[in-house]
Every structure is written in C-alpha cells, then in structure tokens.
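*Asks:* Below is a structure I'd like to ask you about.
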Amino acid sequence: MKRILSLAFFSFAASFLMSCEKEEVEPLLTGTTASDARAISCLNYSYFNKQSGMVDFGKARGEVVLVGFVEGLTMQEKQQLLGRFPHFQGIEGEVAMDSGVITVVRLSTGTNCSDVEKLLVKLVKEPSISFAHPFFEENPADPEAPMTGLSNEFMVSIEGSGTLQELEQFIAETNTKIVFSFSDEIHVLSADKNSAGSILDICTKFNQQAFVTSAEPNLVYSFPALASGGVTYETVKGKNQNAYKRNK
C-alpha cells in the first residue's frame, strides 16, 4: 500500500514539475516573438532633476550609439576595434564636445534596444573606450522631434546655492571633472566609465546635493535628413552649439 501511495505521489510531482517547466519556457503572449519580449524588458532611462522631478527618456534606440574613445586613436583604429562587434555597420561621423570628440556609430538593421544594451556593456570594457551611450526611441507624441542621445557631459549650476569649493569636493567624490565654465556658478562637467555611476546616475547624485541648483545631461540631437541628403547631429549647451553634418 505504501508503494502504491509513493508511486502516486511521484506521478503527481512529476506532472506538477512538467507543468511548471512549460510555464517557464512559454511565457510569451500569442503573436509575441522572442525579439519583442527582449525589447519589452529593456531599460527605461531616466534621472532625477531638482527643478522638474523625474525626467524620462524611454528605451534605447537600435540604429545608432555614441562612443567616446581615448585620445590619439585614428579613424582606422576605431573602425578595426568596432568591427569586432557583430552589430557594427560603420562610423557615421563625429560630434565635437568641450571634453573631446564623440563618435557616432551606425548599427546594423534589426538591432533592438536589448542588443544595444548588451553592446554598450561590452564596449566600455574596451581599454580604448571611455564611454558608450544610447540614442532614445522616438517621441510618439511628436514624430517630427529630433532623435536624442546621451553625451558624456552634463551642466551643473550652483547659482545662489553653494560654493565652488563644495562643487570641487563632490567632483572628486564622483570622479568627474570640469571641462568648461560659463562662470563661477555654471559649469560643464564630464563623466566616463570610471565615474561613480552612469551619466544619468551622476546627474541624479548632483541634483540630490543641497549646494546644487540643478544638473542636467547635455544631449546630442539627430535631425531628420535634409533636402540635400545630409544628416545633422548637434549638441546644445546653453547658447553654445556644436554640430556635425554628414553628406550621404
């Protein structure tokens, strides 16, 4: 009798485990592909701004990323390094920043946000790369709005809130640096893979300091193709503007 009960229990347990396993390997909704599932689980990029609260950029876009190389690398050396990654299609151009040059990297068709996230992690492990950041998905509310991406720079204001000494101390703590100053109270800083967090994490940390009035990332803007067939990338810092234009 005990043997019969044991066999019955084993049969029930095996049936239960098989049912659980099936639920784990088939979690997708009808009509949802594995690629869609990966895209759904992608990171949502955001940071806290003291003036406006949480700022949400959405998920990473698949077509293009922004990469910062160490100084001294030739374009050929950049091509060779990036060519080791399967999603790499080509270097589209460069954007001049106060902290240096950012390389605009075009990815292969079909690259999604999940692929981009994995690629960014691999890129920053390269000794020759100081940072790698995404562009973000289009704004469905404004389809004509330019595509935006993260640079390695952010602007910090301490107007009426703190001192330069306090700012310099926190810069040392976060391993960031001042690359340009509009005045004693408004500065452009940069962060890289050795800083105390991602560029958006850093902006949040600065906004959480009592002596900081505001901190926000400097974005790179990609405008739609012009009538001449060009593609323009721009980054705007206050009233200063740097731009790169590529003709197809």
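The values are calculated or read from the model by the stated rules, or taken from the named source; none is laboratory data. Every value quoted in this text rests on a predicted model; they were computed, and no experiment measured them. Here the Cβ positions follow ideal geometry from the backbone for every residue, glycine too, while neighbour counts run over all protein chains shown. In case anyone asks, the SASA skips ligands and DNA or RNA and just uses the protein heavy atoms, side chains included. Shrake-Rupley method; radii C 1.70, N 1.55, O 1.52, S 1.80 Å.
*Asks:* For residues in the range 174-188 being under 22 Å from P127 (Cα atoms) and not charged (D, E, K, R), which is farthest from the chain's Cα centre (by Cα)? Walk me through how you get there before you give the answer.
*Replies:* Keep residues of the range 174-188 that are under 22 Å from P127 (Cα atoms), which gives 174-177, 179.
Cutting the leftovers down to not charged (D, E, K, R) gives us 174-176, 179.
Values: T174: 18, N175: 19, T176: 17, V179: 21 Å.
Selected residue: V179.
*Asks:* In the range 178-205, which residue that is touching a helix residue (DSSP H, G or I) at 6+ places or on another chain (Cβ under 7 Å) and touching a residue at least 40 places away in the same chain (Cβ under 8 Å) is surrounded by the fewest Cβ atoms within 10 Å (Cβ to Cβ)?
*Replies:* Applying the filter and picking the extreme gives I202.
*Asks:* For the range 154-168, state whether one or more residues are in contact with a Ser or Thr (Cβ under 7 Å, 6 or more places away or on another chain), of a type outside the set (D, E) and at pLDDT 95 or above. Please lay out each step first, then the result.
*Replies:* Keep residues of the range 154-168 that are in contact with a Ser or Thr (Cβ under 7 Å, 6 or more places away or on another chain), which gives 157-161.
Adding the requirement that they be of a type outside the set (D, E) leaves 157-158, 160-161.
Narrowing further to those that are at pLDDT 95 or above: 157-158.
Yes; the residues of the range 154-168 include at least one that is in contact with a Ser or Thr (Cβ under 7 Å, 6 or more places away or on another chain), of a type outside the set (D, E) and at pLDDT 95 or above.
*Asks:* Additional query: Is the range 95-102 home to any residue that is under 20 Å from V55 (Cα atoms) and among the aliphatic types (A, V, I, L, M)?
*Replies:* no
*Asks:* Next up: If K237 meets every condition in (1) buried (at least 17 other Cβ atoms within 10 Å of the Cβ); (2) modelled with pLDDT of 95 or more; (3) charged (D, E, K, R) apart from one, which number is that one?
*Replies:* (2)
*Asks:* Moving on to the next point. Enumerate the strands (runs of 3 or more DSSP E) found wholly within the range 88-141, keeping only those where 3 or more residues are open to solvent by less than 20 Å² (accessible area, probe 1.4 Å), under 20 Å from L43 (Cα atoms) and touching a strand residue (DSSP E or B) at 6+ places or on another chain (Cβ under 9 Å).
*Replies:* Answer list for the range 88-141: 129-136.
*Asks:* Cβ contacts < 7 Å: first residue farther than 21 Å from T74 by Cα, restricted to the range 102-124; second residue open to solvent by 10 Å² or more (accessible area, probe 1.4 Å) and in a helix (DSSP H, G or I), any location; separation 6+ or different chain. Result?
*Replies:* These pairs meet every condition: N112/S35; N112/R38; N112/A39; C113/A39; S114/R38; S114/A39.
*Asks:* Taking the residues in the range 76-86 that are modelled with pLDDT of 95 or more and of a type outside the set (D, E, K, R) as candidates, determine which candidate is surrounded by the most Cβ atoms within 10 Å (Cβ to Cβ).
*Replies:* L82
*Asks:* A further question follows. I'm told L119 meets every condition in (1) within 22 Å of L200 (Cα to Cα); (2) in contact with a helix residue (DSSP H, G or I) (Cβ under 6 Å, 6 or more places away or on another chain) except one. Can you identify the failing condition by its number?
*Replies:* Every condition holds for L119 apart from (2).
*Asks:* Using the structure shown, decide if G62 is in a loop (DSSP other than H, G, I, E, B) and either closer than 27 Å to T176 by Cβ or modelled with pLDDT under 95 (or both).
*Replies:* Here the answer is no, as G62 does not meet what is asked.
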